[in-house]
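**Q** Structure incoming, see below.
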Amino acid sequence: MAKKQTPPAARLSDPQAIDLVTQLMAIPGRSGEEGLVAQFIRLKLREAGVPDDAVRQDTANKRSPLGGDIGNLIVKLPGVGPRRMLSAHLDTVPICVGCKPRRKGPVIVSADPKTGLGGDNRAGCAVLLAAAMDIARSPLPHPPLTFLWTVQEEAGLHGARNLSTGLLGRPRLAFNFDGGSPAKLTIGATGGYRMTIEVTGLASHAGNAPQQGVSAIAIASLAIADLTRKGWHGLVKKGRKQGASNVGVIHGGEATNVVTDRVTLRAEARSHDAAFLERIVAEIKQAFDHAVAEVRSESGQTGNVEFRGQLDYAAFRLPANDPSVAAAGGAIRAVGREPEIAVTNGGLDANWLTARGVPTVTLGCGQRSIHTVSEQLDIAEFLLARAIAFRLAQGESAAPQAG
């Protein structure tokens, strides 16, 4: 007589998964303050039977300029075959602090009209958490798995940039869950460079002796106007090359009767072409240098400018036949959708994961209008992302999604 097989342990139902993401969105956790979110995930993993020694935390926060209360959360589960990694970022943008998520028909919204929802990226966190819990509770075979929840993505990808990659277990395939449609496969992203520009002028009385001063505001204004006039600010198109730049922050001056002697600006440049990105940055520097030379006091004195900048993330593009792209496309087709190949003009954790030797494709989780008070989470799309994530974690032995 054949031995009766033990049925697999019950996986999370769809209502349980929806409750999970709702709880996660209600937890405050802007960049650098993700500790409570990680604590919740650890508790749920323990309840699902994931041993404590499978859960690690690195020290990425200590290498980040933000500091922060925790590093990246990493969970490794044993299996057979090439290791796979699923990732998502823990943090939300400040507008989402205080969110009170509630269901409104087919979507989840914030009940507080003054806050965003935080589906970016608590939906990704929930997708990973549900997959990890389901895998832990199921006796079905699966490949070795790494689940990575990163910190400080929204503030400059600091978690992924400072990740202790030795803790990952050398994954061969990697799938990042972030914003947008679960059918969208983002295989590439732009490179980004950020800079702080300090303009120093010479103070003087704006009424009695304006000619004796050198206005830092005038220098900054001339530089920005020059960049705009020559097509190096905003959308930048030069022949077949394309990118973008933006001066996003200007701070300086305290009184109208003083010629301002100091202005601080924060700016950025982006391009999928590394050489063209360098060109945009060079043009920004040149515009400020020229403006410094143009603004003089009556005695011929000029101001000066100091640049501090760094490459936030390098551009990347995975080939169409990359194993992670192929596997993600297969999982999307298995749940009845057609993959939508995309390249984004924003930065992703995948930029740094790929740069550090883990080529990573990114999928969405049903978030809409992210970073705004109008943000929504499409429940059906979130559940579809959950189904895709489980298939990717389970590998070739993926079972039908729980209802």
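The values are calculated or read from the model by the stated rules, or taken from the named source; none is laboratory data. Just so it is clear, the model here is predicted, and its values are computed rather than measured. With ideal geometry, Cβ positions are generated from the backbone for all residues, glycine too; neighbour counts draw on all protein chains shown. What goes into the accessible areas is simple: the full protein's heavy atoms, side chains included, and nothing from ligands, DNA or RNA. Shrake-Rupley method; radii C 1.70, N 1.55, O 1.52, S 1.80 Å.
**Q** Please report, in Å, the Rg and the Dmax of the chain, where both are computed over Cα atoms only.
**A** In order Rg, Dmax, the Cα atoms of the chain give 24.6, 105 Å.
**Q** Alpha carbon centre of the range 147-171 versus the range 57-114: separation in Å?
**A** 11
**Q** With the radius of gyration and the Kirkwood radius both derived from the Cα set of the range 1-112, what is their ratio Rg to Rh?
**A** 1.06
**Q** Report Rg (one decimal) and Dmax (nearest whole number) for the range 324-386, counting Cα atoms only, units Å.
**A** Rg and Dmax of the range 324-386, Cα atoms, are 13.4, 37 Å.
**Q** Over the Cα atoms of the range 26-85, what Rg and Dmax result, in angstrom?
**A** In Å, with Rg to one decimal and Dmax whole: 13.3, 38.
**Q** Taking all protein chains in place and a 1.4 Å probe, what share, in percent, of the accessible surface of the chain do carbon and sulfur account for?
**A** Reported share for carbon and sulfur atoms: 51 percent.
**Q** Another question, if that's okay. Given an 8 Å cut-off on Cα distances and at least 6 residues of separation, report the relative contact order of the chain as a percent.
**A** That works out to 23 percent.
**Q** Out of A130, A385, A218, any idea which swings most in a Gaussian network model of the chain, alpha carbons joined below 10 Å?
**A** In the Gaussian network model the winner is A218.
**Q** OK, next. For the chain, what is the accessible area per residue in Å², given a 1.4 Å probe and the full set of protein chains?
**A** Value for the chain: 44 Å² per residue.
**Q** How long are the three semi-axes of the equivalent ellipsoid of the range 141-225, in whole Å, if each is the root of 5 times an eigenvalue of the C-alpha gyration tensor, listed from largest down?
**A** Working through the eigenvalues yields semi-axes of 51, 15, 10 Å.
**Q** Continuing with this model, one more query. Please report the relative contact order for the range 36-150, taking Cα pairs under 8 Å with a sequence separation of at least 6, and give it as a percent rounded to a whole number.
**A** Relative contact order, the range 36-150: 36 percent.
**Q** On to the next question. Roughly speaking, what is the centre-to-centre gap between the range 323-357 and the range 249-285 when only Cα atoms are used, to the nearest Å?
**A** 33
**Q** In addition: Report the net charge of residues surrounding E34, where surrounding means a beta-carbon distance below 11 angstrom and charges are Lys +1, Arg +1, Asp -1, Glu -1.
**A** Combined, the nearby Lys, Arg, Asp and Glu give -3.
**Q** So which of K114/K285; K184/K241; K184/K285 end up more than 30 Å apart, counting from Cα to Cα?
**A** Checking Cα-Cα distances, K114/K285; K184/K285 exceed 30 Å.
**Q** Could you state the angle between the C-alpha long axis of helix 35-47 and the longest principal axis of the C-alpha atoms of the chain, as a value from 0 to 90 degrees rounded to the nearest 10?
**A** Result, in degrees: 10.
**Q** For the range 144-158, just list the computed ³J(HN,Hα) in residue order, Karplus coefficients 6.51, -1.76 and 1.60, θ = phi - 60°, integers in Hz, with x standing in for Gly and Pro.
**A** x, 10, 10, 10, 10, 10, 8, 9, 6, 5, 5, 9, x, 6, 5
**Q** List the longest stretch of the chain that has no exposed loop site; here a site is one of the GluC sites (Glu not before Pro) assigned by DSSP to anything other than H, G, I, E or B, with at most 12 other Cβ within 10 Å.
**A** Longest stretch, sites excluded: 1-253.
**Q** Follow-up. So for the pair T165, V373, with labels modelled 7 Å out along Cα→Cβ, what separation do we get in nm?
**A** 4.3
**Q** I've got another one for you. Debye sum, Cα scatterers, the range 289-403, no solvent: what log₁₀ I/I(0) at q = 0.14 1/Å?
**A** Cα-only, vacuum Debye calculation for the range 289-403: -0.74.
**Q** Normalised by the residues of the range 123-198, what does the relative contact order come to in percent, with Cα pairs under 8 Å and at least six apart?
**A** Once divided by the residue count of the range 123-198, the mean separation gives 31 percent.
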